[in-house]
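All remarks here apply to the structure that follows.
The values are calculated or read from the model by the stated rules, or taken from the named source; none is laboratory data. Quick caveat, the model's predicted, so the values are computed rather than measured. Note: ideal-geometry Cβ built from the backbone for every residue, glycine included; neighbour counts use all protein chains shown.
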Amino acid sequence: MIDVIKKTILAGVGAALTTTERAEAALQEMVRQGKLSAADARIIAEKIAEQGRREFEEMSQDLSAKVRSMLDRSDADLRARLAALEERVRVLEANATPPPSRSSEP
């Protein structure tokens with residue numbers, strides 16, 4: 001399960017990097033065509049990068065909270081199952097007949 005989470009996070013990072021690279025390439029093309037100044041392109045690129053960092057941080061926090069929640073539920077289920085099994089063993093032991101005594105053998 002941890003591997004799946006790691007792969008998901010890495011895929012998100014890769015997607016963010018690819019998107020940033022594409023945005024920068026598009027901005028460079030606009031500068032080359034004279035549609036945008038280099039200073040404006042730099043400002044826009046910084047805003048895009050900052051927004052990407054914020055979104056990644058929010059996603060990471062949400063994912064961490066969901067994983068913690070899943071683990072907590074799993075832990076509660078495990079404790080409940082363990083308690084049920086302990087009770088079952090207690091009942092079985094209480095109802096079990098003692099083994100025959102060996103002192104009656106020759």
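Being assigned to a helix (DSSP H, G or I), within 21 Å of residue 24 (Cβ to Cβ) and among the basic types (Lys, Arg) is the requirement here; does residue 66 meet it? Working first, answer last.
Working: assigned to a helix (DSSP H, G or I): yes; within 21 Å of residue 24 (Cβ to Cβ): no; among the basic types (Lys, Arg): yes.
The answer is no for residue 66.
Looking at the structure I just gave you, is residue 27 modelled with pLDDT under 85 and surrounded by 10 or more Cβ atoms within 10 Å (Cβ to Cβ)?
Numbers: modelled with pLDDT under 85: yes; surrounded by 10 or more Cβ atoms within 10 Å (Cβ to Cβ): yes.
For residue 27, the condition - modelled with pLDDT under 85 and surrounded by 10 or more Cβ atoms within 10 Å (Cβ to Cβ) - is met.
Out of (1) modelled with pLDDT of 85 or more; (2) of a type in the set (A, V, I, L, M, F, W, C); (3) more than 14 Å from the chain's Cα centre (by Cα), the odd one out for residue 65 is which?
In the conditions (1) modelled with pLDDT of 85 or more; (2) of a type in the set (A, V, I, L, M, F, W, C); (3) more than 14 Å from the chain's Cα centre (by Cα), residue 65 misses (3) alone.
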